[in-house]
Structure formats: structure tokens, C-alpha cells
Amino acid sequence: MLTSLQVKNLLTIENLELDFYAGLTVITGETGAGKSILVEAMALILGQRAQPALIRQGAEKCEITAFFDLHFAPHAMEWLKAHELLAPPETTLLIRRILTQEGHSKIYINHSLTTVALLQQLGNFLIHTHTQQQHQTLLSTATQRELLDSFGQHIPLLDGVRKSYAVWQKAEEDFKIAQTLASQQLTARELLSYQVKELDALALQENELSSLEQKYHRLIHLEKLFSHIRGSLNLLEEKDEGSAQETLLQTIRLLQEISEYEGSLQTPIELLKQAHIYVQETVTHLKSCLNKLDIEPEELLNVSTRLECIHQLVRKHNIKAPDLPSFHKKLKCELAELEALEPKIAELGEAALCAKQTYCEKANQLTCLRQATSLCFEKALLPYLKQLGMPYGKFKVHFSPCASGEETAEGLEKVEWLITTNPDHPLKPLKQVVSGGELSRISLAIEALTTTLLPTPTFLFDEVDVGVGGKTADTVGRLLKKLGERKQVICVTHLAQVAVWGSSHIRVEKTVQCQVTYSTVHPLNEEERVLEIARMVGGKSQTPETLQHARKMLTLV
């Protein structure tokens, strides 16, 4: 709990040292005396953003120091140990904050320099602040849901719902992106599929193009080959007169007739015989070639057609003919990548569906818990409303299921509080029914109901009794006193009926000296407290009657 507060040069406070104790501490004073400055000082200690305008006129800097006893703040102790800002067995916390005219801010936690962000985290475990402005937050259905979840201790399950919702939304986003990508690439996939089918149908084999070109060049000269081979055969064998074979035979016969007269002719005769044999072999080979030419008359058309198909695709894709096989392979790979998107999309769709099912399971669990908790919450709140001057008050937590597609990270339903404070009026949403004073009392009732659930050991109430008076104001005081039995409660109030219930009483006064304004803070003893209560009851002019009434009020609590 907060044990001490030191303030230097904050607005109209020049120098202040103030001790705080367990129970209910009330802070009173005239309007404008500076009570809100104490609230401001505590807010700065908890990590509120600071402005140079908060520094007292003429001062160079403002300094606020607060001491806390951590015996009743286990969450704060754990946080400090985790951040190596508290060494066991130490149980005292010191927070010091310095503001300068240049806009700089230095923050020390147990003498270690730290940041505003860390101070804000720590502040959540130290003081719970409830101000007039926070009454209005009760009108928000989000706040109403948060308070219900806090009351029912649903936070661990709610965190699980939020995480599963985030996973689901991410899975849905991935699925939609993949679908969009597939849609955008549909035309490209169709074109690739057509191109690959064309190349598949062509089925070009390795080295086939070179072989076809050679065959084509041979076939286009087929006629010339045929005529020349036929002419050669005619000269060698088939010529009626003077063929090569007939000429050789005649020559051999003539030389043989005279070889007996000249022995040296035997050699030319043998050579001519060999020549005749070579001519015969040549004729045989040429006839064989000629026969082959005779059985391939349609092949030129086939080869020409095949080559035209190949070169047509080469021109179509603007590549070189030898690169066609590698291009075909490349297109098949690209098509395979695009076609792989389909099973991937199906996989992503299945993942999104599973993620949604997981979210719905957790969210449905949360719905059941909320509905069960709402009955307890309604039953527990009604006595507080009656105590706070709303004897005919009725209260109900209403659930509106979210439509499909409107699911949220906080669950499958919207939570809204319905209330009536008059016996003849129906239940309506809180924002449509209550007045400012009623809202203040409902807010206080909620605080009283949920205070034990919060980890903070200290509660700060800033004029939560606005809009109430008489017997209800006395009930507010009793309620704050009761809260003070479980937590340290600090309350800024204008009502004597509330102030008398304090176990400690602090008065704030404003004075002007030499045209300079000062706010001073005084812890009150018993007699001073009588005077302050009398002032709150009767104004500045105190009479024996107001003093007696003040004493009686203090005696009755």
C-alpha cells in the first residue's frame, strides 16, 4: 500500500510530505483548494504522461516521490523481481519521478532509471484509480463485458479465445490471399497448359532436329540422286553400245588374242579383269542405292511437315530451335508450380476451418461461463444498489449473439447491462436510463462488488459521491469504510456524510502570499476534524450548532 508521498513544485504545491495509512483516508477541502493536485501526483507516479505545464510557476523542475509497502502487493513484488528491481527480502518500493521545463522526464524505481512504459505496467499492481470520468465508461458495452469477465474470473479463457481468434483470422487471410493469387494466375495457367500440351504433342526427341534436317537435305535432292545414279548405271552397264563393262570385256579379249606373242601383256590383262570386277561391284552398289530411293517417295513430305511443326513453335515462342527441349521443360515446371496452388488452397481452407472450429469451441465455453456468471453478478449487485438509494432497482445482463461473420476476439456475443430504478419502468440499457447521480452510485456498487478481485492493494476514489446526498451519502461512506477493511482506500470527497467515515482525514487548503498561490495539505487530529466536518456541513461560518452536529456525526460512525 501507499505509505508516503512527497511532492515538490507541482502546480500550486511547493513542498509536501504526507503519510498514508491502512483503512479509509478521506481528502477534503474547498473547491479549487488543490485536492485534484494530489490525485494528479499519484497519477504521475503511476505513469501518466506529463507536461511541463504541471511544473510550479518559477520552478525549474517538479519532483514526486512515493513509498509503498509491498506486503499486500504480491503481484507488484513478482513484477519487480522479474525486472530485477527488487532484491529479497526487501519489501519496500520507492518510485521517484522528475519533470523538467524542457519536457524531459526521469523515472526511478528503487533508484534504477526506467521508462514510462515500465512504470505504467507496475502502476497497474499498485493503485486502482476511480474518477468521475470513469463513471461514463460504464455506459460502454465493452466496459460492461470486461467487468463481467473480471467478476467471473474469465480472463484466462478470454485470453485463449483472443489467441484462437487471431489464429483463425490469420488462417482466413492466408486462404483469401491464396485464392486471390490463384484467380489472378488463372489466365496464365490456362495459357501454360495449352503451350505445354502443344509441346507434349510435338514430343521432340533428343538430337531429332539435327537428324531431320540431314534427312530433309538428302530428300530434297532425291530426284537428282535418282537421275545421276541411273545415268551412272547406264554408262557402266546398260548402255547399248560402249558401256564400261562391254568396253572392258572387249579390251580383255583383244589383248588375250595377242598375249601369246607378247608375254608382257599379261599384267594389263589382269588389271583390266580387276577393273571389270570393281565395275560390277559398283553397279551392284548403285542398284542397291537406287532400290532404296524407290521405296521412299513420301518421306520428304513427312519430314518436311515435321520440320515445319518444329519451326512453327520456335517462331511462336521466339526462341532458337535447339533450345526447344529446355524451354518445354521450363514451361512444365512453371505449370506444375501453378497447379500446386490448388491443393495448397484446399489445405489453407481446411486450416482456416479448423482454426474457426477451435475458436468457436473456446468462445462457446466462454459464453456458457458468462451466462452462468451473469446470474451471480445480478444477484450480488442488487443489495448494493438498494443500499445506495435504489430500493426498486432491477438489473440484468443481456446477451446478443453475434451474427455469422461478426464474431469478435472477445467472443460470440455482445454484453449489455439492462437496469431500471423505478418499479413501474421496464428494463432498458444503462445508457438510456440512469442520471448522473445514479450512474455514480452504480459505479461505486460495481467497485464494491469487484474490488476483492483486483490485485491492487490501494483504491483511489476521486469525488465518486457526486450527485448523491442525505442517507445515500451516508451509505456511500459506510461502503467505502467497508472497502477500507479489505483494501487501502483514499477518497476525495465534498460530502461530510462520507468524510466522517474516514479512519484518517486530510484537508487541503489554498492560500495566497505576496501574490503567489500555495496549496497546503494537513493531516487532521480529532478536534481539527470536527472543525472540518462543521465547515462541510455549515460552510465557513461555524456555529455551536454545526460543531455539535459535526461531533455527533463523528460519534455515530
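Structure values in brief
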{"quantity": "Filtered residue count, the range 67-104, keeping only those that are over 14 Å from Leu2 (Cα atoms) and among the small types (Gly, Ala, Ser)", "calculated": "3"}
{"quantity": "Out of Leu366, Leu412, Leu388, sole residue that is aliphatic (A, V, I, L, M) and open to solvent by 10 Å² or more (accessible area, probe 1.4 Å)", "calculated": "Leu412"}
{"quantity": "Complete set of residues in the range 157-180 that are of a type in the set (Asp, Glu), under 16 Å from Glu350 (Cβ atoms) and free of Cβ contacts under 8 Å to residues at least 12 places away in the same chain", "calculated": "Glu173"}
{"quantity": "Residue in the range 436-446 that is modelled with pLDDT under 85 and either part of a loop (DSSP other than H, G, I, E, B) or open to solvent by 50 Å² or more (accessible area, probe 1.4 Å) (or both) present", "calculated": "yes"}
{"quantity": "Qualifying position, being modelled with pLDDT under 95, touching a Ser or Thr at 6+ places or on another chain (Cβ under 7 Å) and more than 20 Å from Gln153 (Cα to Cα), among Lys394, Lys386, Lys344, Lys431", "calculated": "Lys394"}
{"quantity": "Qualifying residue in the range 396-407 (condition: touching a strand residue (DSSP E or B) at 6+ places or on another chain (Cβ under 9 Å), in contact (Cβ under 8 Å) with a residue 60 or more places away in the chain and in a strand (DSSP E or B))", "calculated": "yes"}
{"quantity": "When residues of the range 516-557 are limited to those that are among the polar types (S, T, N, Q) and either over 27 Å from Gln6 (Cα atoms) or open to solvent by 90 Å² or more (accessible area, probe 1.4 Å) (or both), the one nearest to the chain's Cα centre (by Cα)", "calculated": "Thr555"}
{"quantity": "Within the range 58-91, considering residues that are out of contact with any helix residue (DSSP H, G or I) (no Cβ under 7 Å at 6 or more places or on another chain) and part of a strand (DSSP E or B), the one farthest from Thr517 (Cα to Cα)", "calculated": "Asp69"}
{"quantity": "Complete set of residues in the range 503-519 that are without any contact (Cβ under 8 Å) to a residue 40 or more places away in the chain and part of a loop (DSSP other than H, G, I, E, B)", "calculated": "Cys514, Gln515"}
{"quantity": "Subset tally (residues that are open to solvent by less than 10 Å² (accessible area, probe 1.4 Å) and touching a residue at least 60 places away in the same chain (Cβ under 8 Å)) for the range 42-55", "calculated": "3"}
{"quantity": "Residue within the range 144-157 that is β-branched (Val, Ile, Thr), touching a Phe, Trp or Tyr at 6+ places or on another chain (Cβ under 8 Å) and either modelled with pLDDT of 85 or more or exposed (fewer than 15 other Cβ atoms within 10 Å of the Cβ) (or both) present", "calculated": "no"}
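So that you can scan it fast, the table gives a plain yes or no per residue for (1) more than 21 Å from Thr12 (Cβ to Cβ); (2) open to solvent by 40 Å² or more (accessible area, probe 1.4 Å); (3) small (Gly, Ala, Ser):
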position	(1), (2), (3)
Gln57	no, yes, no
Lys61	no, yes, no
His71	yes, yes, no
Pro74	yes, yes, no
Met77	yes, no, no
Leu80	yes, no, no
Glu84	yes, yes, no
Ser105	no, yes, yes
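The values are calculated or read from the model by the stated rules, or taken from the named source; none is laboratory data. Computed from a predicted model, the values in this text were never measured in an experiment. Using ideal geometry, Cβ is built from the backbone for each residue, glycine included, and neighbour counts are taken over all protein chains shown. Quick note on the areas: whole protein, heavy atoms, side chains included, nothing else; ligands and nucleic acids left out. Shrake-Rupley method; radii C 1.70, N 1.55, O 1.52, S 1.80 Å.
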